[in-house]
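**Student:** One structure, as structure tokens, below. Some questions next.
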Amino acid sequence: MITKLNISFFLIYSKPKLDKTVPIYMRITYSDKSVHLTTGISVDKKQWNKITHKIMGNSLEVDTKNEM
């Protein structure tokens, strides 16, 4: 039996914070079962790259958040 592990990141636009940022969630899928977890990181919608699923920018803060 072949099992596949997939991890993806996405924004939850329906849960904006007071500072207008939105939380980043992680979806873990394994053997056709999935779970959604919050990463504890929030980002401005304009900084999110939908293709790479990372925060755009070159600052130390952005690099740190992407590494988390």
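FYI, it's all coordinate maths here, none of it is from the lab. The shown structure was predicted, so the numbers you read here are calculated from the model rather than taken from an experiment. So basically every Cβ, Gly included, is an ideal-geometry build from the backbone, and we count neighbours across all protein chains shown.
**Student:** Please compute one quarter of the surface area of the Cα convex hull for the chain and express it in square nanometres. Walk me through the numbers on the way to the answer.
**Tutor:** Details: hull surface 21.7 nm².
Computing the convex hull of the Cα atoms and averaging its projections yields 5.4 nm².
**Student:** Next question. Calculate the FRET efficiency for THR39 and THR3 from the Cβ-Cβ distance with a Förster distance of 30 Å, rounded to the nearest 0.05. Could you put the intermediate results ahead of the total?
**Tutor:** Numbers: r = 24 Å, r/R0 = 0.80.
E(calc), rounded to 0.05, equals 0.80.
**Student:** Based only on other Cβ atoms within 10 Å, what is the fewest-to-most ordering of HIS36, HIS53? Numbers along the way, then the final one.
**Tutor:** Working: HIS36 10, HIS53 15.
Placing the least packed residue first, the sequence is HIS36, HIS53.
**Student:** Total Lys pairs in the chain closer than 17 Å by alpha-carbon, pairs eight or more apart in sequence or interchain only?
**Tutor:** 13
**Student:** How far is it, in nm, from the label point at LEU60 to the one at THR29 when both lie 7 Å from their Cα along the line to the Cβ?
**Tutor:** Output for this residue pair reads 3.8 nm.
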